[in-house]
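The values are calculated or read from the model by the stated rules, or taken from the named source; none is laboratory data. Everything numeric in this text was worked out from a predicted model, so none of it was measured. Using ideal geometry, Cβ is built from the backbone for each residue, glycine included, and neighbour counts are taken over all protein chains shown. All accessible areas refer to the heavy atoms of the entire protein, side chains included, with ligands and DNA or RNA removed. Shrake-Rupley method; radii C 1.70, N 1.55, O 1.52, S 1.80 Å.
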Amino acid sequence: MRTIATVAFALCLCVVVLGAYVRLSNAGLGCPDWPGCYGHLTPAGAAADAGRALNVGKAWREMVHRYAAGTLATLIVVLAAMSIGWRRERIVAPKLTLALTAIVILQAILGALTVTRQLKPLIVSSHLLFGFTTLSLLWWLSLTLWWRGNSSIAQATPRIARAAALIGLCALALQIALGGWTSSNYAAIACPDLPVCQGSWWPEADFRSAYVLWRDLDINYEGGVLDNPARVAIHLTHRIGAMVASLLLLVAALVALRLRNRPRVRLSALILLGALMLQLTIGISMVWRGFPLWLATAHNAGAALLLLAALTLYRSLRAPDVITT
């Protein structure tokens, strides 16, 4: 189970980053149907039928993402079956793997709706969030399996350290949600300068239109449909959220570093600080360099790594889980 969980986690990380690349390279509608591509299992088979409508590069990016996601779903189902079959050994709580299975099913539905509803922002953002949720649960499962029975985790931990780690983790989750909304509404380039936005500390921003969650179904959202003030509002919210989340994560790491008798906690805090600095560097560089595709994709990968680091810190501050059936 350790091996399969670790492989599933690594594959999920690849799926999350690949999904970001597909979205950012405007390949989300490379195959306008689901689960195939123009009625075929591969873009190669679809090329003859689709004719000029098929962009082969975008189609392959979309389908490779689907193939990887399908493989990941299979591994998660295997983990669920193993946890249920070995529930008497209390290796891991079946409710965790069953939750993962339920989320994967939901992800498949959201993946289909992403295509059939033409990149509707609420659906795209939800798809991204549940992808990060899947990644988080697989990482939590892997840590639980690898740290199982380790007495060093059982030491008493001050409540303030656990609270600070949890608050930082929640703030980061909210920031990732804001990032997904920014990306799905194509608002990243609304502020092409830093630290100001369009040459102003507070440009015209339409917050009322920026967060309308549900719009008409018949609209193709590729490229975005919001006016500039609404996109500016989304981008400004994301920047403010980044500052708040960074501050809270910094506090959580510094509090954890004060626990001198907990080497694992201190190492987790240092990793969190490193991941935070990396993500901030990527975000700033992305704006200064004009939002190149590779840096935008790296920004999504950095968010995933930062989330994993925050989860590791919180997990290291917890007592061992009581495995129940």
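Per the listing L254, L306, L313, the residue uniquely in a helix (DSSP H, G or I), open to solvent by 20 Å² or more (accessible area, probe 1.4 Å) and not charged (D, E, K, R) is L254. Restricting the first member to segment 286-302 and to residues that are without any contact (Cβ under 8 Å) to a residue 12 or more places away in the chain, and the second to residues that are in a helix (DSSP H, G or I) and open to solvent by less than 40 Å² (accessible area, probe 1.4 Å), the beta-carbon pairs closer than 8 Å and six or more apart or on different chains are R289/L295; P292/M286.
For segment 220-234, the tally of residues that are crowded, with 18+ Cβ neighbours inside 10 Å and in a helix (DSSP H, G or I) stands at 5. When each of T325, T297, T237 is tested for being at pLDDT 95 or above, among the β-branched types (V, I, T) and either under 30 Å from C191 (Cα atoms) or surrounded by fewer than 22 Cβ atoms within 10 Å (Cβ to Cβ) (or both), the lone residue that passes is T237. Could you list all residues from segment 81-96 that are open to solvent by less than 60 Å² (accessible area, probe 1.4 Å) and either touching a Cys at 6+ places or on another chain (Cβ under 8 Å) or under 15 Å from R2 (Cβ atoms) (or both)? Within segment 81-96, M82, S83, I91, V92, L96 meet the criteria.
Would you confirm, using the coordinates I've provided, whether G241 is farther than 27 Å from G199 by Cβ, within 19 Å of the chain's Cα centre (by Cα) and either of a type in the set (A, V, I, L, M) or not in a loop (DSSP other than H, G, I, E, B) (or both)? Spelling it out, it is not the case that G241 is farther than 27 Å from G199 by Cβ, within 19 Å of the chain's Cα centre (by Cα) and either of a type in the set (A, V, I, L, M) or not in a loop (DSSP other than H, G, I, E, B) (or both). Among the residues of segment 286-297, is any under 17 Å from L166 (Cα atoms) and not hydrophobic (A, V, I, L, M, F, W, C)? Within segment 286-297, none of the residues are under 17 Å from L166 (Cα atoms) and not hydrophobic (A, V, I, L, M, F, W, C). Inclusion of S183 among residues that are within 23 Å of L128 (Cβ to Cβ), open to solvent by less than 30 Å² (accessible area, probe 1.4 Å) and not in a loop (DSSP other than H, G, I, E, B) is warranted. Looking across segment 257-293, the residues that are β-branched (V, I, T) and open to solvent by 40 Å² or more (accessible area, probe 1.4 Å) come down to I271, T281, I284.
Only a single item in (1) open to solvent by less than 70 Å² (accessible area, probe 1.4 Å); (2) in contact with a Phe, Trp or Tyr (Cβ under 8 Å, 6 or more places away or on another chain); (3) assigned to a helix (DSSP H, G or I) is not met by I189, and it is number (1).
Among the residues of segment 52-80, those identified as free of Cβ contacts under 8 Å to residues at least 60 places away in the same chain, aliphatic (A, V, I, L, M) and either within 15 Å of T3 (Cα to Cα) or crowded, with 21+ Cβ neighbours inside 10 Å (or both) are A59, M63, A69, V77, A80.
Filter segment 150-165 down to the residues that are buried (at least 17 other Cβ atoms within 10 Å of the Cβ) and in a helix (DSSP H, G or I), then identify the one that is modelled with the lowest pLDDT.
The selected residue is I153.
Scanning segment 97-135 for residues that are modelled with pLDDT of 95 or more, open to solvent by less than 20 Å² (accessible area, probe 1.4 Å) and among the polar types (S, T, N, Q) yields a total of 1.
Helices (runs of 4 or more DSSP H) fully within segment 30-149 that include at least 3 residues being among the β-branched types (V, I, T): 56-85, 94-116, 121-146.
Of the residues making up segment 196-218, one or more are assigned to a strand (DSSP E or B), modelled with pLDDT under 95 and surrounded by fewer than 17 Cβ atoms within 10 Å (Cβ to Cβ).
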